[in-house]
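A.B. asks: Take this structure first; my questions come after.
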Number of protein chains: 4
Amino acid sequence: VSPGLCKLAHIDLVTPDLDASLFFFRDLLGMHEVERADERVFLRCFGELDHHSLSLRPGPAGVDHVAFRTARPEDVAEFAAAFAAEGIEVSEVGAGEEPGQGEAIRFLAPGLEAPLELLFEIERPRAPESLRSKLPSNSARFAGAAARRLDHVNFATGIDRLAEAEDWLREALGFRRREFIRLPDGRIGGTWLSVTPQVHDVAITTDVQGRTGRFNHFAFNVEEFADICRLADVLAEHDVHVDVPPSRHGITQGHCYYVRDPGSGHRVELFSGGYLIFDPDWEPIEWTLEQLDTHGLVFVGPAEWTRQNNPNAENTPATAAVAR
Amino acid sequence: VSPGLCKLAHIDLVTPDLDASLFFFRDLLGMHEVERADERVFLRCFGELDHHSLSLRPGPAGVDHVAFRTARPEDVAEFAAAFAAEGIEVSEVGAGEEPGQGEAIRFLAPGLEAPLELLFEIERPRAPESLRSKLPSNSARFAGAAARRLDHVNFATGIDRLAEAEDWLREALGFRRREFIRLPDGRIGGTWLSVTPQVHDVAITTDVQGRTGRFNHFAFNVEEFADICRLADVLAEHDVHVDVPPSRHGITQGHCYYVRDPGSGHRVELFSGGYLIFDPDWEPIEWTLEQLDTHGLVFVGPAEWTRQNNPNAENTPATAAVAR
Amino acid sequence: VSPGLCKLAHIDLVTPDLDASLFFFRDLLGMHEVERADERVFLRCFGELDHHSLSLRPGPAGVDHVAFRTARPEDVAEFAAAFAAEGIEVSEVGAGEEPGQGEAIRFLAPGLEAPLELLFEIERPRAPESLRSKLPSNSARFAGAAARRLDHVNFATGIDRLAEAEDWLREALGFRRREFIRLPDGRIGGTWLSVTPQVHDVAITTDVQGRTGRFNHFAFNVEEFADICRLADVLAEHDVHVDVPPSRHGITQGHCYYVRDPGSGHRVELFSGGYLIFDPDWEPIEWTLEQLDTHGLVFVGPAEWTRQNNPNAENTPATAAVAR
Amino acid sequence: VSPGLCKLAHIDLVTPDLDASLFFFRDLLGMHEVERADERVFLRCFGELDHHSLSLRPGPAGVDHVAFRTARPEDVAEFAAAFAAEGIEVSEVGAGEEPGQGEAIRFLAPGLEAPLELLFEIERPRAPESLRSKLPSNSARFAGAAARRLDHVNFATGIDRLAEAEDWLREALGFRRREFIRLPDGRIGGTWLSVTPQVHDVAITTDVQGRTGRFNHFAFNVEEFADICRLADVLAEHDVHVDVPPSRHGITQGHCYYVRDPGSGHRVELFSGGYLIFDPDWEPIEWTLEQLDTHGLVFVGPAEWTRQNNPNAENTPATAAVAR
């Protein structure tokens, strides 16, 4: 048995305007604050029992790291040994260094050059009585059009590094390819991968400027499209910047809505639906650019619009991976 | 041209527990507080521009009065004269006696013995900037699963007075019958009436103990059934008593959800949908008890359940009309 | 008492491809065929009791006429006399000339130059047993994401004729202005009007080429936005052209979705929600172009997109009013 | 590595009225017919790529077998050997004996006495062009309020056998316990289990008459609660018997709706939502009867109603497992 991952765990976001980011994630998206430590704030969604799925820290806009949880306690150390053997530089995070979590490792994923963290131990604190849900499978009460859990992350890298990045995620971390875009020249232009039955826990799309260490967006799961649409009403009242209005993806079949965190400028997706894959012999689904044009977004508007606002296009967010 | 009504205007509710009622209407249903005067609180929904659609005052549980707005300024006085000529006792409310409104009259509607108020002048204060919606047709911002406006009121009276009550509403106030229940003995067992194209602004159902001056419920309109269902999630976290879970009515076609205000014990409905009637020659729709059993609630559960929880049945709320 | 209208009654659409239009309106939107006469097909929605709200006839793409129902039987003749006195050419349609309807008149509305019909008498045939709904307020059963009734019509005319067109609708037909766009030069750039409490039964927007006798779109009402979104899934499978994906309007607050009938190329809107106006002293809501840019569509995407696809913009449908 | 399961695969239902069952599953729920063989009909949902998830055969009402797919091809034979070693009688189904599938085994699960089938090989035929979806992850087009895939099965057994049944599913087949009901006497009164991250692929509830070999219901997944509610409108038009109207479960958090197949009388659930469990160290959630009373169904109606219609109560469907 080789080491493996069980899920995406959290995003550590660096924001130049902590108050604006807190207003967005906590007051608009409905996340709950679990802990403050130094200048950092740790948040989780009402449907999450773990200590946090998002942490915010002040600083120049960027993603400090993206964390995944391993399948077994011993996997953290086994991954560390395997990566070192590959020549990847691995740094260790001691138990308790990060609030709520045990020992972890950090490294830059080959091809992505994105800072990843792997951990297993995580606290599951009960919410204070005033917030606690009567449903024991939720940590806190439903709120309005609330985000219920972290769903997936979309990395961006240069087209020349994308195959390397995907290969490494599949071979070293056990991700399986679910859907992908085949470019006219035969290369892979985007790929949707998962370690869970979700159609994607991770996607890799291209940075048109060829940069590595980029993030296209991360996404929170909401229960239904009606929640997304009501959130769109609310965000419109607060002039939150919208990249893609509420729509449905052809890839993943999920309903989507892309906006920017007003604090960090980082792109955030609200996502519902999407299909599940239980079969071990799933045949990855291939998309051509032509199919993307017509069914990339099911609620098709004018084709120019779809192309102009494709999350893969030049308006990729200017958030930089911060190597620490 | 005879005097007429343009709409249901507000409910004046008396509650033994003002804080609990405020928590329910303001914090759970999402109404906004417009004004406090003496011990009274005046509230409106985000989609209402008028000064208030609900006022709360402390006291023994009951409805102080139900107010309708007339079609023309002069109608208030014309109605007063007409009622006096009929021998109905009419009391006058001076301009400004009630916050936000001009001259009004109050009286007990024959057959219903329910205290009604008629007014025309009403202030339309802008909401404070912090609440104000960017949509000028709303007074305030959308909130969660929010009530957007007062929708209708359902009076209860003894079966022996129901025909008298309906006749008076039709002849004196200009209500038109839209749907009704025909009992096996030929009498009318319930009736749905409106002065607007809504399928009902007012319903009259029977009090099984034969009492007059009763209210079955009043209803707020929400935009969609998804809003009702999300509200049901929220109310479940607060142990609000439910009379009828989210469902669809056969009469009116509206989606419904009946709960009790924890402060006053009064039944409140959340209502969405319902059809509109624009034709002057609408043929009122007749329902038999047998049809009611099978399609009174479209999301039919076991027939016993439908009958047991029929809003017309014995569990009519114990709110008493308070004649002042 | 002057003559008046009670509602929008039907659209008579001319289509070069009757089969494609029938597939769209009947098989995709869920309308029911009530009658065929000559080469014409008469359809209604499941929530409509009248004989038809749409008739299709083969021919070069266009709208033959738009019909409104009067408030009283005698209004048809009274309107005819009034228009003739104004110098408007009025043609008479004998009872039974149009299937299901009584005497009517037709004329070109000043400023719009659009062919209108006024009628009062309309048959209300029961649906065949196999289609009939158990809800007597519906003519037929719910079907999928079905259109439930004709909602409104949007005329387009040259900016120089718009004020004249609106004035005539208000003065001659009794329409009331509900919301409107004020251009920087002070002129009215668009107006939303109704004879019912709906926020609009009719809109007038501008044809950028200055042409009169144009139609921007007509709209069907669906119960909820979820119905629109599911329909968007279905239409995507059939490559129906989309002008504006599912969204929400700032003006009217309605949810919208604009597509083209594949037979006639005519733009059709699916519309849900929208607010109701019961007050006789409604203050029309003024929009500036700047407000339109930011809140014209609440599910705001990139501003360029909103502007490019504004229904008022140059891609006004190429359907021509056919004067007969 | 021990043999394992990857998912619930199909239900083989025996129905005294094949036409009525076909009307229900195909015409109302929206399943597609893939193949007819002898007198049997094989159906799948639009979101399923496998050959079938439901097969119907004429005969006295009952479930012939419930099939699961194994994780690896060799697991079918490994399970057969392991069961034989336990003394369980295993019968073999040759490749092709069942349309669309390879070799399988059948046996009665200890404690449940329910006939199970395990298979790995399954064909994935493309739908005919006229049905095929433009989304390659779907086999066919969306239809109305359509079932998108088989979701879970709920077995019923006597309270004295329930622990044995659950233990065997956990130990022999690898199911993990997710939520469960603890009775006042300490016994398990119901249990929700899965081999996937779904909160349940299988539930076991009690048959109040103490019988084994019973099925409470099987469930199809729909995308959103709005689909369930629209389906409830449609089923009401066809007098389909309703056990529990559209509601939300506390256990699983899923939205639910229980009806009876008019052909077989078997209870069928429509299910949406529900949460996913990715953590290997999930702590099963314990429910008391008291919690069930208040939050067993979130859209709480009167408590009597919840208890009377609890799927665990005496109205367990009279479908008998048919050992063949």
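A.B. asks: For region A:274-290 and region C:261-292, what is the separation of their Cα centres, given in Å?
C.D. replies: Measuring centre to centre over Cα atoms gives 41 Å.
A.B. asks: Would you mind counting up the charge near residue A:32? Only other residues with Cβ under 15 Å from its Cβ, with Lys and Arg at +1 and Asp and Glu at -1.
C.D. replies: Values: positive: A:26, A:36, A:44, A:124, A:126, A:132, A:141, A:148, A:149; negative: A:27, A:33, A:35, A:48, A:50, A:123, A:129, B:237.
Net local charge, residue A:32 excluded: +1.
A.B. asks: Continuing with the same structure: Name the residues whose placed amide hydrogens come within less than 5 Å of the amide hydrogen of residue A:6, ignoring near sequence neighbours (fewer than 5 apart) on the same chain.
C.D. replies: A:69, A:70, A:71
A.B. asks: If you don't mind, another one. In a shell of Cβ-Cβ distance under 10 Å around residue A:238, excluding residue A:238 itself, what net charge do Lys and Arg (+1) and Asp and Glu (-1) give?
C.D. replies: Values: positive: B:134, B:141; negative: A:27, A:237, A:239.
The answer is -1.
A.B. asks: Another question, if that's okay. Dividing the Cα convex hull volume of region A:96-195 by residue count, how many Å³ per residue is that?
C.D. replies: In region A:96-195, the Cα hull volume divided by residue count equals 150 Å³.
A.B. asks: Can you give me the orientation-averaged projected area of the convex hull built on the Cα atoms of region B:165-221, in nm²?
C.D. replies: Details: hull surface 18.2 nm².
With the hull built on Cα positions only, its mean projection is 4.6 nm².
A.B. asks: Percent of alpha carbon pairs in the protein assembly as shown separated by more than 58 Å?
C.D. replies: 17 percent
A.B. asks: Express as a percent, rounded to the nearest 5, the fraction of DSSP beta bridges in the protein assembly as shown (both residues included) that run antiparallel.
C.D. replies: 70 percent
A.B. asks: Under the rule of -39500 (n - 2.57) per DSSP H run of 4 or more residues, summed and divided by the residues of chain B, what mean residue ellipticity at 222 nm is obtained, to the nearest 500 deg cm²/dmol?
C.D. replies: Calculated from helices alone, the mean residue ellipticity at 222 nm is -5000 deg cm²/dmol.
A.B. asks: When the Debye formula is applied to the Cα atoms of chain C, each taken as the same point scatterer, what base-10 log of I(q)/I(0) results at q = 0.12, 0.14 Å⁻¹?
C.D. replies: These q points yield log10 I(q)/I(0) values of -0.80, -1.13.
A.B. asks: As a test, work out the antiparallel percent of DSSP beta bridges whose residues both lie in region D:1-103, rounded to the nearest 5.
C.D. replies: Taking every DSSP beta bridge within region D:1-103, about 75 percent pair in antiparallel fashion.
A.B. asks: Percent relative contact order of chain C, based on C-alpha pairs within less than 8 angstrom and at least six residues apart? Before the final figure, lay out the partial values.
C.D. replies: On the way: 783 pairs, mean separation 60.1, N = 324.
Result for chain C is 19 percent.
A.B. asks: Among DSSP beta bridges whose residues both lie in chain B, state the antiparallel percentage, nearest 5.
C.D. replies: 70 percent
A.B. asks: Something else: Provide an ascending nm list, one decimal, of label-point separations from residue D:125 to the equivalent residue in each further copy; define each label point as 7 Å from Cα along Cα→Cβ.
C.D. replies: Result for residue D:125, in nm, nearest copy first: 4.1, 5.8, 7.0.
A.B. asks: If a/c stays under 1.5 just call it rounded; otherwise compare a/b with b/c (prolate if a/b is bigger, oblate if not). Do that for region B:66-121, with a ≥ b ≥ c from the square roots of the Cα gyration tensor eigenvalues.
C.D. replies: On the way: a/c = 1.85, a/b = 1.44, b/c = 1.28.
It comes out prolate by the Cα gyration axes.
A.B. asks: Can you check what the net charge comes to around residue C:178, using other residues whose Cβ is under 15 Å from the Cβ of residue C:178 (Lys, Arg +1; Asp, Glu -1)?
C.D. replies: Here the charged neighbours net out to -4.
A.B. asks: Which residue, B:281, B:12, B:293, tops the fluctuation ranking in a GNM of chain B built on C-alpha contacts under 10 Å?
C.D. replies: B:281
A.B. asks: Right, another one. Note the full-extension length gain between residue B:38 and residue B:294 as 0.36 nm times their separation in residues minus their Cα-Cα distance, in nm to one decimal.
C.D. replies: Details: separation 256, 0.36 × 256 = 92.16 nm, distance 4.87 nm.
So the extension gain works out to 87.3 nm.
A.B. asks: Quantify how much of the Cα-Cα distance distribution of region B:227-269 extends past 14 Å, in percent.
C.D. replies: 47 percent
A.B. asks: Let me ask something additional. Considering only A:26, A:44, A:214, give the residue with the highest GNM mean-square fluctuation for chain A, with springs between Cα atoms whenever their separation is below 10 Å.
C.D. replies: Maximum among the listed residues: A:26.
A.B. asks: Here is a follow-up. Quick check on the exposure proxy: order C:290, C:237 from fewest to most C-beta atoms within 10 angstrom.
C.D. replies: Working: C:290 9, C:237 20.
Fewest to most other Cβ atoms nearby, the residues stand as C:290, C:237.
A.B. asks: For region A:1-38 and region B:46-90, what is the centre-to-centre distance using only Cα atoms, to the nearest Å?
C.D. replies: 52 Å
A.B. asks: Taking all pairs of distinct Cα atoms, average 1/r, flip it, and tell me the Kirkwood hydrodynamic radius of region B:1-120 in Å to one decimal place.
C.D. replies: 15.0 Å
A.B. asks: I need the Debye-formula profile for region C:191-238: one equal scatterer per C-alpha, no solvent, reported as log10 I(q)/I(0) at q = 0.13, 0.19, 0.27, 0.32 1/Å, two decimals.
C.D. replies: Each listed q corresponds, in turn, to -0.51, -0.84, -0.98, -1.14.
A.B. asks: Please quote Rg/Rh for region B:111-157 to two decimal places, taking the Kirkwood radius as Rh and restricting both calculations to Cα atoms.
C.D. replies: Over the Cα atoms of region B:111-157, Rg/Rh equals 1.12.
A.B. asks: For region D:269-279, what does the Karplus curve 6.51 cos²θ - 1.76 cosθ + 1.60, with θ = phi - 60°, yield as ³J(HN,Hα) per residue in whole Hz, taken in order and with x for Gly and Pro?
C.D. replies: 10, 9, 9, 9, x, x, 9, 10, 10, 9, 7
A.B. asks: Looking at chain A, do any whole DSSP H helices span at least 15 angstrom along their long axis by alpha carbon and average 0.5 or above on Kyte-Doolittle, and which?
C.D. replies: Flagged H segments are A:75-86, A:225-237.
The numbers here are math on the coordinates, done by the rules we state, and not lab data. No experiment lies behind these values; they were computed from the predicted model shown. Glycine gets a Cβ as well: all are built from the backbone with ideal geometry, and neighbour counts include every protein chain shown.
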